[in-house]
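Take a look at the structure below.
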Amino acid sequence: MTDIKYNAKSAKENNEIGSKIAVLRKKRRLTQSGLARKLAGLGVCVQTPAVTKWENGTTVPNAYQLIALCVALNVTDMIPEFTGMAKLPDFELNEQGLKKLDEYRGLLVASGRYKPLTDETPPACAAVTIPTSYIRAAAGMGNFMDEECFEDMEYPESAVPSGTDFALFVDGESMSPIYINGQVVFVQQCETVRPGQVGIFSIDNEVVIKIYDEQEPDETNKEDFTDSSGLVHPQVVLRSYNSAWAPRPVYPYQEFHVYGRVLN
């Protein structure tokens, strides 16, 4: 076979697969959520953000997902479509041999005996629409709960916990390995959470996903947590699953808000 000059490392660095998926999707006049629905009909239940991450090169589809993408986007030969290279020769055959091969293919098709099985299309995954923040947890914010900070995105119904009010993306590694960078979390809006629960908070206009906890204030700060009747209130401290991140105590002079409890 003729030597094929292909470098997977440079192809990945140039996001060749993701860029091509975006081009083909737009050529078929599909939105990202529309492509996700088509994939659901092919047995690949992915969320719209997964399509986004494929297209921007954050992740890549696995082998079965890539085949389903080719079907959904009407790609009949993925080698030239995704690499820009000429079609690979089927075998080391000369021109006469390739002609014979094509003739034999024509005879097989004409016989009608080798048509693909016509299985019923698998049922599409039921989807629900959830307001999703484009402000990631661990990013700066203005007014986090403003409507313009959210857009409606579709998710498989089976993936969305009961009680979900909104969703957002995790940013960073402070909550790994439980919550990883780029993961979608589903949140129930509330104003209080209990110690040990994971929530979405803001500290001085920074949105974070953390474990809520309380501690007794140390002697140097106890006065700040003591009310007029002499009662000492506990100090809120936000913790991370990743031990490389130190706990973040919250002080009275800081602007602190609870936006909700993480459900997944």
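Those residues that are in contact with a strand residue (DSSP E or B) (Cβ under 7 Å, 6 or more places away or on another chain), under 21 Å from Lys222 (Cα atoms) and outside any strand (DSSP E or B), I need them from segment 233-254; list them, please.
Pro234, Pro247, Val250, Gln254
Return the only residue of Asn264, Asn242 being touching a residue at least 40 places away in the same chain (Cβ under 8 Å) and within 23 Å of Thr132 (Cβ to Cβ).
On the way: Asn242 fails: within 23 Å of Thr132 (Cβ to Cβ).
Only one candidate qualifies: Asn264.
When you go through (1) assigned to a loop (DSSP other than H, G, I, E, B); (2) touching a residue at least 12 places away in the same chain (Cβ under 8 Å); (3) surrounded by fewer than 19 Cβ atoms within 10 Å (Cβ to Cβ) one by one for Ser174, which number turns out not to apply?
(3)
Can you find a residue in segment 194-212 that is buried (at least 19 other Cβ atoms within 10 Å of the Cβ), modelled with pLDDT of 95 or more and either of a type in the set (S, T, N, Q) or more than 21 Å from the chain's Cα centre (by Cα) (or both)?
Yes - at least one qualifying residue is present in segment 194-212.
Name the pairs whose Cβ atoms lie under 7 Å apart, with the first residue in segment 14-30 and in contact (Cβ under 8 Å) with a residue 24 or more places away in the chain and closer than 14 Å to Val51 by Cα, the second hydrophobic (A, V, I, L, M, F, W, C) and in a helix (DSSP H, G or I), and 6 or more positions between them or separate chains?
If the second residue must be hydrophobic (A, V, I, L, M, F, W, C) and in a helix (DSSP H, G or I), the pairs left are Ile17/Phe82; Gly18/Trp54; Lys20/Phe82; Ile21/Trp54; Ile21/Leu69; Arg25/Leu35.
Quick one: would you say Gly41 is touching a residue at least 60 places away in the same chain (Cβ under 8 Å) and either within 19 Å of Ile67 (Cβ to Cβ) or not aliphatic (A, V, I, L, M) (or both)? Step through it out loud before you land on a result.
Numbers: touching a residue at least 60 places away in the same chain (Cβ under 8 Å): yes; either within 19 Å of Ile67 (Cβ to Cβ) or not aliphatic (A, V, I, L, M) (or both): yes.
It is true that Gly41 is touching a residue at least 60 places away in the same chain (Cβ under 8 Å) and either within 19 Å of Ile67 (Cβ to Cβ) or not aliphatic (A, V, I, L, M) (or both).
For segment 18-31, state whether one or more residues are surrounded by 14 or more Cβ atoms within 10 Å (Cβ to Cβ) and more than 22 Å from Asp77 (Cβ to Cβ). Steps first, answer last, please.
Taking segment 18-31 as the starting set, the residues that turn out to be surrounded by 14 or more Cβ atoms within 10 Å (Cβ to Cβ) are 18-22, 24-25, 30.
Now narrow it down to the ones that are more than 22 Å from Asp77 (Cβ to Cβ): none.
No, the conditions are met nowhere in segment 18-31.
Enumerate the pairs (first residue in segment 46-64 and closer than 18 Å to Tyr155 by Cβ and not assigned by TED's automatic domain parsing to the domain that holds Phe169; second residue anywhere and in a loop (DSSP other than H, G, I, E, B) and of a type in the set (Ser, Thr, Tyr)) with beta-carbon separation below 7 Å, excluding pairs fewer than 6 apart on the same chain, so at least 6 apart or on different chains.
Lys53/Thr59
It is to be established whether one or more residues within segment 183-205 are more than 28 Å from Thr129 (Cα to Cα), of a type in the set (Asp, Glu) and out of contact with any strand residue (DSSP E or B) (no Cβ under 6 Å at 6 or more places or on another chain).
So far as segment 183-205 goes, yes, one or more of its residues are more than 28 Å from Thr129 (Cα to Cα), of a type in the set (Asp, Glu) and out of contact with any strand residue (DSSP E or B) (no Cβ under 6 Å at 6 or more places or on another chain).
Can you tell me which of Ala22, Ala68, Ala11, Ala40 is assigned to a helix (DSSP H, G or I), in contact with a Ser or Thr (Cβ under 9 Å, 6 or more places away or on another chain) and of a type outside the set (Asp, Glu)?
On the way: Ala22 fails: in contact with a Ser or Thr (Cβ under 9 Å, 6 or more places away or on another chain); Ala68 fails: in contact with a Ser or Thr (Cβ under 9 Å, 6 or more places away or on another chain); Ala40 fails: in contact with a Ser or Thr (Cβ under 9 Å, 6 or more places away or on another chain).
Checking each option against the conditions leaves just Ala11.
The values are calculated or read from the model by the stated rules, or taken from the named source; none is laboratory data. This is a predicted model, so every value here is computed, not measured. Neighbour counts are summed over all protein chains in view; Cβ atoms, including those assigned to glycine, are modelled from backbone coordinates with ideal geometry.
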